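To start, the structure itself, in structure tokens.
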Amino acid sequence: MRKLRLSVVIPTLNCGSKLEDCLSSIRWADEIIVVDMGSTDNTIRIAKKFHAIVYERVPRDGNFDKNRKFGMQKASGDWILKLDSDEVLSRRLQSEIKKLLFADTSNYAGFNLKNKIFMFGHQISHGFVKADSHELRLVRAGKWHYDPFKYHQQIFVRGEVGFLSSAYNHYNYTSIGEFIEKTNKYTDLDAKFYPYKVSITDVLLSPLKTFFKLFFLQEGFLDGYFGIIVCFLFAIYNLVEKIKVWELQNL
């Protein structure tokens, strides 16, 4: 059986400090497509160092997932891997995907990949992270559907979905400053698409509910003092989101 071709699609914006590790883990792919939103650091230089095909494109609404879809539409591989600049394939997952490219996978339209989440240099296994966390990341060309009307939308496929046994590492946030910066950006996008009316009571109670859910019900305390910090930060995220929604709805 002939080897099938793999395209990897990565949306980027000022991620030069993380991109090299990401690209090093997929340098063996047949095609790497980077769709950049106007980076001012060394992101594009690093992408070209790994012989990536680079498109420079800034969506009008700032939704980076629209760049991801654009890159997927440009991909020429038989399989397309969805990846972010702060994600790195483990050696075992690299080996598993390489073997898959030589296997008879005609019955499958996609594969779920396990993920391990890291924040501030520590693996987070509870709280906002679900047990045996995984996501549809590897899709067959021509079988996928993606509608990123807002960011972080899921990809769907027409056909059977399998599971790979190895994981990729997601280095979500490396510092509190990065978390705050992304909180401001993501909550701006969240607020535009929030579907419900928000009251002052919601603003005050929602972060408390978020912390209680993540820390106690979803056992964030099992991650030690980092679990406390992470649950507290996501409660703040929820507070900022609700305040911005309330502002849009009332001011």
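The values are calculated or read from the model by the stated rules, or taken from the named source; none is laboratory data. Model, not experiment: these values are computed from the prediction. All Cβ positions, glycine included, derive from the backbone under ideal geometry; neighbour counts span all protein chains shown. Ligands, DNA and RNA are stripped out before the accessible areas are found, and what is left, the full protein with its side chains, is counted by its heavy atoms. Shrake-Rupley method; radii C 1.70, N 1.55, O 1.52, S 1.80 Å.
Taking every DSSP beta bridge that has both residues in segment 1-157, what percent is antiparallel when rounded to the nearest 5? Restricted to segment 1-157, the bridges split so that about 50 percent are antiparallel.
Just need the Rg to Rh number for segment 105-176, please, alpha carbons only, Kirkwood Rh. Please list the in-between numbers first.
Working: Rg = 14.2 Å, Rh = 13.7 Å.
The Rg/Rh ratio comes out at 1.04.
Specify, per residue and in Å³, the volume enclosed by the convex hull of the alpha carbon atoms belonging to the chain. List each step's numbers first, then the result.
Working: hull volume 33.5 nm³, N = 251.
Cα-based convex hull of the chain, divided per residue, equals 134 Å³.
Protection proxy ranking of 20-26, 181-187, by the mean of other Cβ atoms within 10 Å over each peptide's residues and highest first, is 20-26, 181-187. Which lysines does Lys48 reach when only Cα atoms under 16 Å apart count, and residues fewer than 8 places away in its own chain are ignored? Cα-Cα hits under 16 Å: Lys18.
For segment 1-81, go through all pairs of different Cα atoms, get the mean of 1/r, take its inverse, and jot down that Kirkwood value in Å.
On the way: mean 1/r = 0.0785 Å⁻¹.
One over the average 1/r among Cα pairs gives 12.7 Å for segment 1-81.
Working from the alpha-carbon coordinates of segment 132-222, get Rg over Rh, Rh being the Kirkwood radius. Don't skip to the answer; put the middle values down first.
Numbers: Rg = 17.4 Å, Rh = 17.0 Å.
The Rg/Rh ratio comes out at 1.02.
For a straight C-alpha distance cut-off of 19 angstrom, the aspartates and glutamates reachable from Lys3 (same-chain residues fewer than eight places away being disregarded) are Asp30, Glu31, Asp78, Glu96, Asp104.
Divide, for segment 32-134, the radius of gyration over alpha carbons by 2.2 N^0.38 Å, where N is the residue count.
Values: Rg = 16.0 Å, N = 103, 2.2 N^0.38 = 12.8 Å.
My calculation over the Cα atoms of segment 32-134 gives 1.25.
By how many degrees, 0 to 90 and rounded to 10, does the Cα axis of helix 91-100 deviate from the longest principal axis of the chain? Tilt of helix 91-100: around 50 degrees. Averaged per residue, segment 1-160 has 49 square angstrom of accessible surface, using a 1.4 angstrom probe with ligands and nucleic acids left out.
Beta bridges per DSSP, both residues in segment 99-223: antiparallel share near 50 percent.
For segment 165-181, the Karplus equation 6.51 cos²θ - 1.76 cosθ + 1.60, evaluated at θ = phi - 60°, returns couplings of 8, 9, 10, 9, 9, 10, 8, 4, 9, 9, 7, 4, x, 5, 4, 5, 4 Hz by residue, with Gly and Pro reported as x. Sorting the Cα pairs of segment 190-251 by distance into bins of 10 Å, from 0 upward, gives 24, 44, 24, 7, 0 percent per bin. Between 0 and 90 degrees, the angle of helix 224-250 with respect to the longest Cα principal axis of the chain falls at about 80 degrees. The lysines whose alpha-carbon is closer than 29 Å to the alpha-carbon of Lys244, local same-chain residues fewer than 8 away aside, are Lys66, Lys69, Lys130, Lys150, Lys182, Lys185, Lys192, Lys197, Lys209, Lys213.
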